[in-house]
1. Enter the accessible area of residue 324 (Å², nearest 10), with the probe set to 1.4 Å and all protein chains included.
2. Using only the alpha-carbon atoms, what does the stretch 156-212 span along each of its principal axes? Please give whole angstrom values in decreasing order.
3. Give me the net charge of residue 339's neighbourhood, meaning all other residues with Cβ under 11 Å from the Cβ of residue 339; Lys, Arg count +1, Asp, Glu -1.
4. With θ taken as phi - 60° and the coefficients 6.51, -1.76 and 1.60, list the Karplus ³J(HN,Hα) couplings across the stretch 161-170 in order, rounded to whole Hz; mark glycine and proline as x.
5. Please state the relative contact order of the stretch 243-328 as a whole percent: Cα pairs under 8 Å, 6+ residues apart?
6. Just want to confirm a number: the relative contact order over the stretch 282-334, from Cα pairs under 8 angstrom separated by 6+ residues, in percent.
7. Which of the GluC sites (Glu not before Pro) found in the stretch 124-227 are loop residues per DSSP with 14 or fewer other Cβ atoms within 10 Å of their Cβ?
8. What is the set of long-range amide H partners of residue 220 at a cut-off below 5 Å, with H atoms built 1.01 Å from backbone N?
Amino acid sequence: MAATTWRDGHRLLRIHSPPLLRSLPSPNPKPRAPPPRHAKTNAQKMATSTSLAAALPSRVTSPGRRAALSCTTSRAQPRPHPVRAVSSVGPRCRLVVTCNAQAAAPMSIGQGTPVRPTSVLVVGATGTLGRQVVRRALDEGYDVRCLVRPRPAPADFLRDWGATVVNADLSKPETIPATLVGVHTVIDCATGRPEEPIRTVDWEGKVALIQCAKAMGIQKYVFYSIHNCDKHPEVPLMEIKYCTERFIQDTGLDYTIIRLCGFMQGLIGQYAVPILEEKSVWGTDAPTRIAYMDTQDVARLTFVALRNEKASKKLLTFAGPRAWTTQEVITLCERLAGQDANVTTVPVAVLRFTRQLTRFFQWTNDVADRLAFSEVLSSDTVFSAPMNETYQLLGVEAKDILTLEKYLQDYFSNILKKLKGLKAQSKQSDIYF
């Protein structure tokens, strides 16, 4: 397959063929009428799953010295495509990021049980956002299946809620197809663990998942991305998110891509708990502003979008009611906790220096990748977006979105009540003994 180069201003992208689904049948070049929307059956998916499992390698590999991100589009005339930058990853090596898609042809299988539109697979179901998506889906009557990695401590809480748990690993593509049998919609909340290379799950694993979804006739794919990921090609995680967006769009899947700014839940461990425990709170001297949103609101809006035909093949951004600086969040937490924070400020220049230093050593490259993301979050950037059009599209009222003040107020109110109760019990115990 010929390589393709697309240009967009200063960005350059080279396209080459992926090894992932190369052994699957090529799409039929003859035009034919598309099948009915819900025509793919469980029998078809099971047969496709078996064939895919046999065809997929044990691990996705990519050409190039630094495992360049790569996949292609199998089309007669590739359409113009935004192009990504060539990001430097070391003194003498460059990361060429590529993002195109190859669609696998559906197989001709006998009739089986039709797939129910309420059948949902949540990928990354144990994460901060994933578990809220599972809870919301169950509350709204969906038949929820959760893809989780095999782990020593099983995700029993998902089963207790009423979901079905299936074990698979995005870094092992051959484990994916069987989890998609009988599934109508995939909601992709997954991201790599801090100790893992960013590319393993967030690129290679997602390529495998998306290609399997296309091959098995998944009828809706929801992907969570990062706000402004297209504006920071120098940051590997944001570059990968943007390339994954473009990859999904090229497959022909019916998708909804949701870019997020920040989660309120992350502020609890970062600021609220350290302040209550009188420990150091880490911040930077940059005026970055982030419009945090409650993950429960993210999950609720996701299913509103899922049921709304106007959100089909749309890229949406979910942002909270107001963008906050680090200092404003700390001040709010201090006021609600009734005590001052021990703030340790890290200059942005130190983050930049540390990132450059870790680039010199191969074993610290992934640390440098994550520091690059931290550097963006600590720069003079606003992670927010107007929500009026999104609210109008989804038929949602702005007043129904939880504010950060209310979220933290509820948290501190509940936690301080518990602390007072524990102190009272302690005093009673002292008197008794």
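The values are calculated or read from the model by the stated rules, or taken from the named source; none is laboratory data. Values in this document were obtained by computation on a predicted structure and should not be read as measured data. Don't worry about glycine lacking a Cβ; one is built from the backbone with ideal geometry, like all the others, and counts go over all protein chains shown. When the accessible area is computed, the model is the full protein with side chains, heavy atoms only, and any ligands, DNA or RNA have been set aside. Shrake-Rupley method; radii C 1.70, N 1.55, O 1.52, S 1.80 Å.
1. 10
2. 32, 25, 17
3. Value of the local net charge: -3.
4. Calculated HN-Hα couplings, in order: 6, x, 8, 9, 10, 10, 8, 7, 9, 4 Hz.
5. Numbers: 96 pairs, mean separation 37.8, N = 86.
For the stretch 243-328, the relative contact order is 44 percent.
6. Values: 36 pairs, mean separation 31.0, N = 53.
Contact order relative to length: 59 percent.
7. Details: sites: 140, 174, 195, 204; in loops: 140, 195.
Listed in order of number, the matching sites are 195.
8. Amide H neighbours of residue 220: 186.
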